[in-house]
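The values are calculated or read from the model by the stated rules, or taken from the named source; none is laboratory data. Only a predicted model underlies this, so the values are computations on that prediction, with no experimental measurement involved. Cβ placement follows ideal geometry from the backbone for every residue including glycine, while neighbour counts extend to all protein chains displayed. Surface accessibility is based on the protein's heavy atoms, side chains included, excluding ligands, DNA and RNA. Shrake-Rupley method; radii C 1.70, N 1.55, O 1.52, S 1.80 Å.
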Amino acid sequence: MKTLAPALLALALSTSLHAQFAQPDGGTVRPGKLPLTWSTGGPKCMEMPEWQVHEYNPDLFILRQSGCTDYEKPFVYLFFGKDRALLYDTGSRKGNLAPTLQHVVHQWMTRNQRTSMPVVVTHSHSHGDHIAGDADIQALKDAAMPIAFIAPTVDAVKTLYNIANWPEQTGSIDLGGRVLDAIPIPGHDTASIALYDRQTGVLLTGDSVYPGRIYIRDFDAFTKSTTRLVEFTKDKPVAHILGCHIEETRTPFLDYPVGTIYQPDEHALELSRGTLLEMQAALATLNGTPKRVAYRDFSLWPSGPAFRAQDGSQNTFKQTQQFQLDHMWDQTKP
Ligand SMILES: [Zn+2]
Ligand SMILES: [Zn+2]
């Protein structure tokens, strides 16, 4: 009977480890604020900076690229620990992130009376709309913020987060009093990785979970990755799930067509773990057969050569971009 005691203890621990709290008092996570709406692109592009900088709290910044520079208008994330900062993505084409990154890091150093802050530059995955700023940031010659650049490859990411067995194992990085867990989530891209910030309870999911079209390249890998995310978050407080794009409107089941620059009625950025559970259930319903299906806050969108011909997205993209370029300056036609 002696051997039963540790098993019972483990059982008691496992049942008490759900992310529930006795009082709705904010739980154990460091709070932060999200804006009610984000800048998208236009309607007056001359008035818009290339990046909107949002301070979630004094040590977490969310930067959104203007749609006037590129319709992808991705979000990138900047975390500060005591020893170093971590940047998650470098933006899309024509983003010119480097000067804005320098500005934010230097302002942070001034506020914290620091003379230098190393920055680890990493990525949600390897697609062009998340790595376009890499070269400019690598070329920065700023002694106060030395850059440790991590290539968006499975091997480099494994080394950074100390993940021996990809994608089954998770890893982590310590920024100095702030640990981020790294969860491999291939499927949208081979090198996709989610980050969970133990301090704020924020889970970054890149292009794998966000309010928009979830382009799935490898359906089987994506399904397994979603299940791993569900399992990983089972016993942790998830304050927000934050992805890298917004393509949904505020109207349920309705997205903006690909190529849209100005999105005055776009969906909120933040999702909850409930969306993750809905996605897992949606994938299970498809039973291994990739298919496009729209849900309230996202749609599953199998992609790749086999689907490209039938989805007509290239035509939609061209038409949408032309319409937007004709109207984005908000000028009344004579
Ligand atoms: Zn992508
Ligand atoms: Zn993307």
Helical contribution to [θ] at 222 nm, DSSP H n ≥ 4, -39,500 (n - 2.57), averaged over the chain, rounded to 500: -8500 deg cm²/dmol
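On average, how much accessible surface per residue is there in the chain, in Å², for a 1.4 Å probe, leaving out ligands, DNA and RNA?
Numbers: 15950 Å² over 334 residues.
With all protein chains present, the chain gives 48 Å² per residue.
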Of the peptides 220-229, 158-167, how do they stack up when ordered by the mean number of other Cβ atoms within 10 Å, highest first? 220-229, 158-167
Taking protein heavy atoms only, a 1.4 Å probe, and rounding to whole percent, the accessible area of the range 198-285 owed to carbon and sulfur comes out at 57 percent
Mind checking the full-extension length gain between residue 126 and residue 93? Use 0.36 nm per residue of separation minus the Cα-Cα distance, one decimal, nm. 10.5 nm
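Looking at the chain only, what percent of DSSP beta bridges run antiparallel? Nearest 5 please.
Details: 32 of 48 bridges.
Roughly 65 percent of the DSSP beta bridges within the chain come out antiparallel.
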Label-to-label distance, nm, for residues given as residue 44 and residue 220 (7 Å Cα→Cβ offset): 5.5 nm
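Determine, for each peptide in 109-119, 54-64, the mean count of other beta carbons within 10 angstrom over its residues, then list the peptides with the highest first. Walk me through the intermediate numbers first.
On the way: 109-119: 13.1, 54-64: 19.0.
By packing density, highest mean first, the sequence is 54-64, 109-119.
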Report, in whole Å, the centroid distance computed from the Cα atoms of the range 205-278 and the range 90-105. 24 Å
Debye, to nearest 20: dipole size of the range 38-327, +1 on Lys, Arg Cβ, -1 on Asp, Glu Cβ: 180 debye
Here the gain from full extension of residue 33 to residue 114, 0.36 nm per residue of separation minus their alpha-carbon distance, amounts to 26.7 nm
Excluding residue 239 itself, what net charge comes from residues whose Cβ is under 12 Å from its Cβ, given Lys and Arg +1 and Asp and Glu -1? +3
Would you kindly derive the ³J(HN,Hα) couplings of the range 295-300 from the backbone phi angles with the Karplus curve 6.51 cos²θ - 1.76 cosθ + 1.60 (θ = phi - 60°), listing them in order in whole Hz, with x for Gly and Pro? 10, 4, 10, 7, 9, 7
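On full extension of the chain, what length is gained from residue 325 through residue 164, given 0.36 nm per residue of separation minus the C-alpha to C-alpha distance? All intermediate terms of the calculation are to be shown ahead of the outcome.
Values: separation 161, 0.36 × 161 = 57.96 nm, distance 4.72 nm.
Roughly 53.2 nm would be gained on extension.
Can you give the Rg to Rh ratio for the chain, taking only C-alpha atoms and Rh from Kirkwood?
Working: Rg = 20.6 Å, Rh = 21.0 Å.
Ratio of gyration radius to Kirkwood radius: 0.98.
What helices in the chain pass both tests, a Cα length along the helix axis of 15 Å or more and a mean Kyte hydropathy of 1.0 or higher, using whole DSSP H runs?
In the chain, the long hydrophobic H runs are 4-16.
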Taking amide H positions as placed 1.01 Å from N in the peptide plane, with prolines and chain starts having none, which residues 5 or more places from residue 248, or on another chain, fall under 5 Å of its amide H? 212, 256, 267
Per GNM of the chain with C-alpha springs under 10 angstrom, the most fluctuating residue out of 137, 241, 185 is 137
Say R0 is 51 Å: what FRET efficiency, to the nearest 0.05, do residue 284 and residue 135 get from their beta-carbon distance? 0.80
Once phi for every residue in the range 127-142 is put through the Karplus expression 6.51 cos²θ - 1.76 cosθ + 1.60 (θ = phi - 60°), the whole-Hz ³J(HN,Hα) values, with Gly and Pro written as x, are 5, x, 7, 10, 10, 5, x, 3, 4, 5, 6, 5, 7, 4, 10, 10
